């Protein structure tokens, strides 16, 4: 039993919001440094090397195996959490979902509008989805580090906002980054997903748990669903979303508990390393493309304005009808956290600018810099708000003691 303790401690760390956010940031920085080091060319060549099975239509680069394959696990867990929040969590009624939904909508429309104002006439208007995403794991990690004394409602609001933001991102990927769809492959994927869900329901009803052949069958069906979605022309990560939505509640909880450390400790850092592994363009500031400036401005500024306006308006309406809402300073703080695009924005960047390697590189740098600005801004705001609530708590204790 003693020998298993270090392993348990590691798994607990990998479930920690603080640790996983730090690991994600470190991986991205390492990828950027490595790509611009003396062995950067070899690293980029390895990332572009193709490994696959051409006979069955699978011929992907290592970079795409990470973004299309491994990242499906991350979206699988996101879908499970989203389903839980919509059915039994903080979004299980229209009244609960109203404020974060309007804030999330503002946090998508305004950054997209800012990007189009800057880069709409550059020929790269299709990059508008890049600054619309919020990295839920990273944002919650920053909140955990700097917002220790904030009320629980702030975390709930951020979680609901980010979950809805992820839902919008999933819809954007499915609708705007799908070109030609093969209906036979898509139909086959639907059958595989349905069979996966059926086995999950059988597991939920089986008191003995999930064993042997049934577990193996679910893994095979999940891989098959991913393959068929990939061949259908829809982005392969959507397979993870579909599988997460159909998994029954009981096995879903156990699955998240089992897979979360691997997603936080391996999948997301590996993707961050791969996506951030770009050579810094040897150009002057005035030679950077319009998409670079559009993303750099839209992530920290567009998100801050959009989420603040949407959240404040919705919270005001909610309070007028007897509901409770966050104060404006707390809404602004959450809005700053919303500008941390990172993982999903990096994926959107790869999809939006797939035909131009140079713009992909500049977009990656813009996502990293824009998210970095949001990290710094949100850290400052969280620290100020945390001290405010700490002082309030101290004053309450003094007041009680003086009675």
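Observations, loosely collected:
- Filter pass, residue 378 being modelled with pLDDT of 90 or more and either farther than 24 Å from residue 30 by Cα or outside any helix (DSSP H, G or I) (or both): no
- Selection status of residue 12, loosely packed, with under 12 Cβ neighbours inside 10 Å, assigned to a helix (DSSP H, G or I) and under 25 Å from the mean Cα position of the chain (by Cα): yes
Conditions tested, residue by residue: (1) more than 17 Å from the chain's Cα centre (by Cα); (2) more than 30 Å from residue 257 (Cβ to Cβ); (3) assigned to a helix (DSSP H, G or I).
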site: 29; (1), (2), (3): yes, no, yes
site: 66; (1), (2), (3): no, no, yes
site: 74; (1), (2), (3): no, no, yes
site: 78; (1), (2), (3): no, no, yes
site: 90; (1), (2), (3): yes, no, no
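- Residues satisfying the stated conditions in the range 198-211, i.e. modelled with pLDDT under 80 and part of a helix (DSSP H, G or I): 202, 203, 204, 205
- Residue, farthest from residue 295 (Cα to Cα), within the range 316-354, restricted to residues that are in a loop (DSSP other than H, G, I, E, B) and modelled with pLDDT of 85 or more: 354
- Of all the listed residues (222, 169), the sole one being at pLDDT below 95, under 30 Å from residue 342 (Cα atoms) and part of a helix (DSSP H, G or I) is 169.
- Checking residue 123 against (1) touching a helix residue (DSSP H, G or I) at 6+ places or on another chain (Cβ under 7 Å); (2) more than 22 Å from residue 337 (Cβ to Cβ), the condition it does not meet: (1)
- Within the range 41-61, considering residues that are touching a residue at least 24 places away in the same chain (Cβ under 8 Å) and under 27 Å from the mean Cα position of the chain (by Cα), the one surrounded by the fewest Cβ atoms within 10 Å (Cβ to Cβ): 58
- Test: residue 214 is on the phi < 0 side of the Ramachandran plot, in a loop (DSSP other than H, G, I, E, B) and at pLDDT below 90: no
- Entry remark, the range 122-146: residues being modelled with pLDDT under 90, surrounded by 24 or more Cβ atoms within 10 Å (Cβ to Cβ) and more than 17 Å from the chain's Cα centre (by Cα) number 0 in total.
- Restricting 252, 187, 195, 242 to those that are assigned to a helix (DSSP H, G or I), buried (at least 19 other Cβ atoms within 10 Å of the Cβ) and modelled with pLDDT of 90 or more reduces the list to 242.
- Members of the range 225-238 found to be touching a residue at least 60 places away in the same chain (Cβ under 8 Å) and either under 18 Å from residue 260 (Cα atoms) or outside any helix (DSSP H, G or I) (or both), listed by number: 234, 235, 236, 237
- Filtered residue count, the range 228-272, keeping only those that are over 24 Å from residue 9 (Cβ atoms) and in contact with a helix residue (DSSP H, G or I) (Cβ under 6 Å, 6 or more places away or on another chain): 22
- Any hit, the range 102-111, residues being modelled with pLDDT under 90, under 30 Å from residue 254 (Cβ atoms) and in a helix (DSSP H, G or I): no
The values are calculated or read from the model by the stated rules, or taken from the named source; none is laboratory data. Please read these numbers as outputs of a predicted model, since none were measured by experiment. Neighbour counts are summed over all protein chains in view; Cβ atoms, including those assigned to glycine, are modelled from backbone coordinates with ideal geometry.
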